[in-house]
Every structure is written in structure tokens, then in C-alpha cells.
Amino acid sequence: MEIDLVKILGLLWLRRYFIIAVVAAAGFLAFGLTLTLPPGYTASIEFLMQASGGKQGGAASALGLSSLAGQFGLDMAGNQKIFEIFPRILESRTFLSELKDLKVEAAVNSGKPLGQFLIPNPNPKVPFDVQFLDKLRSTITLDKDKDGVNILTIKARDPVFTAYLANSLVSRLEKYYSTMETKKAQQNLDFLESKHTEAQNELSGIAEQLRIFKEQNRETVTPFLIQKMYWLQMEQRISEEKYLLLTREFESAKIDYEKVKPIVVVVDSAIVPFAKSEPRKKVMILIATIFAALFSVAWIIAMEWLRRARAT
């Protein structure tokens, strides 16, 4: 059984008040639902970060960061690992667990520890740390815009809290990364210092052996003694080269240790949002009315099809 398009349009026109009623009802229901949903707020902070002492190079140009970073006195080359590691730090249990006792600033319940603020009624059947980490991870989002600038976003029901946590996290990210990099640099420095000391002692020992050998055999010259002195001198030169190499590495490690402190430049700090980001009333009402219109049209056509099927 066929229903031509003209007849369908005519049928819809005849039932237009039904369609309007369904769409209006859906719109009012969606609007009423938005009034019952808890409000949500969003605050974002934009920042650049590098390890100090970097050198300009092609990596920064590839991301289009050089000119932008230059406005803030930053060198982005050789520091792409910072951009790569931030999401991992924000997801890490170690970093997030340290935030549990952070005293928060908020419009309501200000001064509470972050864990208690996010989980006011914890589930006794689930470990609190698991609940806290899940909740905190769902609150934090880290992205990069087309220019490579980091954008840290916080979504929560308290507007003051969103801005406070966004700004606090960037500060703590800097300290956490600095501690992590400083620890690695310190380990490298300690290792090279010990090897440098060993090389220095080794060189001193060989020099002392050569001095004693020369004093003991000052008046004696034999092929054996000449060969032995030659090998002692060769060993001394090798030790000297080893010592000089480790000296350079040790001095370089000292410089690297001073350069690992990261620099954060906030491009745009987070401010307390005044407008709600959720629920999105217009979007919800638009979606509800579209679905209602489609449903009412499908309902009218289906009922007409059934009526004709029964009539034949």
C-alpha cells in the first residue's frame, strides 16, 4: 500500500495542532527538567610550561609555539616531554592522592579537605581513595589548543571551587614535576660525583706509583724497567683522560641540576564563573523539541497506515 508525499503533507497539515501540542509539551518538560538538575560550572586556566634553560629548535616550530612562547620569554624546544607527561601526572595515583587533604576555597563548605569536599557521603563498601580518585579524575580535563597551549578545565557544582582548583593544580603540577626532575638530576649528579672521585683517586694512585718507581730506579736502566715505566706512563695518561672526561660530565650535571626547575607562565588564569555551564537549557529544549516533532510525525503516519491497512 502506497502513500504519496502530497497526501502525507496534507495529513500532517490536518494534524498540525497535534504536532504543535506534542512539541510544546516536550519543550516544557525539558525546561522543567533543567530546573531540577543541579547546576554545573566550568573554569579553565591556560598556561605554557618548559624546563628552564632550553634552546630554540625545530621541535617548537613544529608545534607553532616559538612565536607564542617568545612573547612570554619561554623557549619551548627540547621540552615536549613536559606536554606529554602532564596528562599522565594528572591521572597518576601518586599526584592525585597528595591533594586529598588540600583545604579548598568554595562558595559553600570552604576550608574542608578536598577529599571530604568531593565525597561528602562516601560509600563504606568502596575504599575512600578509589572514590576520591574517580571523582577527581572526572572533574579534571587537560587539553591543548591549536597553538599547543595547555588548557586545564575544572567542572564542578561550586563556581568558586572550580577556579580555585584550576589555579591550584597548575601550581602543584609545577612543584610535582620540579620535584620529580630534581630527584632524577640529583641521582645523576650523585652517580657522576662518585665516579669522578674514583677517577681522581685512581689518577692520584697511579701518579704516586710512577713517582716511587722513578725514585727507586733513578740510577738503574734496563729494558725491563724502561718497559715498565712506559706502561705506567700510559696508564697515567688513560687515567688523566678518564678524569678529564668525568670532570666535564660532572660539571655538566651540576648545570643540569640547576636547570631542571620548570617555568610556568599563565596565559589566562581561571576566574570564578558566573554563568552555569550545565544544565544547557537551550540545547536540551532544542533536542527535546526535535525528537518530539519527529515522534509526532512518525506517529501520525503510522496511525494512518494502520487505518488504511484495516480498511482494505
What percent does the relative contact order of the chain come to when contacts are Cα pairs within less than 8 Å and at least six residues apart?
34
Given a cut-off of 32 Å, name the pairs among K112/K146; K103/K282; K135/K282 whose C-alpha atoms lie farther apart than that in the structure shown.
K112/K146; K103/K282
Percentage of interatomic Cα-Cα distances in segment 187-259 larger than 14 Å:
65
Cβ charges +1 (Lys, Arg) and -1 (Asp, Glu), total dipole of segment 187-259, debye:
320
Taking 0.36 nm per residue of separation between I287 and K195 and subtracting their Cα-Cα distance, the length gained on full extension comes to 26.2 nm
In sequence order, what are the phi-derived ³J(HN,Hα) couplings for segment 203-220 according to the Karplus relation 6.51 cos²θ - 1.76 cosθ + 1.60 with θ = phi - 60°, rounded to whole Hz, with x for glycine and proline?
5, 4, x, 5, 4, 5, 4, 5, 5, 5, 4, 5, 5, 6, 10, 5, 9, 10
Counting only pairs 8 or more residues apart or on different chains, how many lysine pairs in segment 187-259 have their Cα atoms under 30 Å apart?
10
May I ask you to evaluate 6.51 cos²θ - 1.76 cosθ + 1.60, the Karplus curve with θ = phi - 60°, for each residue of segment 282-292 and list the ³J(HN,Hα) values in order in whole Hz, giving x for glycine and proline?
4, 5, 5, 5, 4, 5, 4, 5, 5, 5, 5
Full extension between R88 and E105 adds, at 0.36 nm per residue less the Cα distance, a length in nm of 3.6 nm
Using θ = phi - 60° and the Karplus form 6.51 cos²θ - 1.76 cosθ + 1.60, what ³J(HN,Hα) does each residue of segment 150-161 get, whole Hz, x for Gly and Pro?
5, 10, 9, 10, 10, 10, 7, 8, 9, x, 5, 5
Out of L306, V264, F295, whose Cα points farthest toward the positive end of the dipole of segment 255-312 (charges: +1 Lys, Arg; -1 Asp, Glu; placed on Cβ)?
L306
Counting only the backbone N, which residues of segment 84-125 are under 15 Å from the spot 7 Å out from the Cα of K175 toward its beta-carbon?
95-105, 114
For R218 paired with A311, estimate the spin-label separation in nm (one decimal), with each label point 7 Å from Cα along the Cα-to-Cβ line.
13.4
Nearest-ten-degree value, helix 16-36 long axis tilted from longest Cα axis of the chain:
40
The answer for K144, listing residues at least 5 apart or on another chain whose modeled amide H is closer than 5 Å to its amide H, is I151
Of I206, S194, S239, which is farthest along the charge dipole of segment 157-281 in the positive direction, counting Lys and Arg as +1 and Asp and Glu as -1 at C-beta?
S194
Between A302 and E278, the FRET efficiency computed from the C-beta separation at R0 = 51 Å comes out, to the nearest 0.05, as 0.90
Could you state the angle between the C-alpha long axis of helix 223-259 and the longest principal axis of the C-alpha atoms of the chain, as a value from 0 to 90 degrees rounded to the nearest 10?
30
Amide H contacts of V267 (H built 1.01 Å from N, under 5 Å, at least 5 apart or other chain):
E46, F47, L48
Using the Cα centre as the reference, give the magnitude of the dipole from point charges on the C-beta atoms of the chain (Lys, Arg: +1; Asp, Glu: -1; all else neutral), rounded to the nearest 20 debye.
1780
Theoretical ellipticity at 222 nm over the chain - DSSP helices of four or more residues, -39500 (n - 2.57) apiece, nearest 500
-22000 deg cm²/dmol
Enter the angle in degrees (range 0 to 90, nearest 10) between the Cα long axis of helix 5-14 and the first principal axis of the Cα atoms of the chain, meaning the one along which they spread out most.
70
Which one is right for this structure if semi-axes √(5λ) of the Cα gyration tensor in Å is calculated from it: (1) 42, 25, 18; (2) 35, 22, 18; (3) 74, 25, 19?
(3)
Using alpha-carbon pairs under 8 Å, 6+ residues apart, how would you state the relative contact order of segment 187-259 in percent?
57
For the residue pair S204 and V6, what label-to-label distance in nm results when each label sits 7 Å from Cα along the Cα-to-beta-carbon direction?
11.0
What residues from segment 164-188 fall in the zone where the backbone N is under 14 Å from a label point 7 Å along the Cα-to-C-beta line of V266?
164-175
Output for segment 244-312: chymotrypsin sites (Phe, Trp or Tyr not before Pro) sitting in coil per DSSP, at most 13 other Cβ within 10 Å, listed by number, reads F274
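Bear in mind that the values in this text are calculations on the coordinates, not laboratory data. Not measured: the values here are computed from a predicted model. Here the Cβ is made from the backbone with ideal geometry for all residues, glycine too, and neighbour counts use every protein chain on show.
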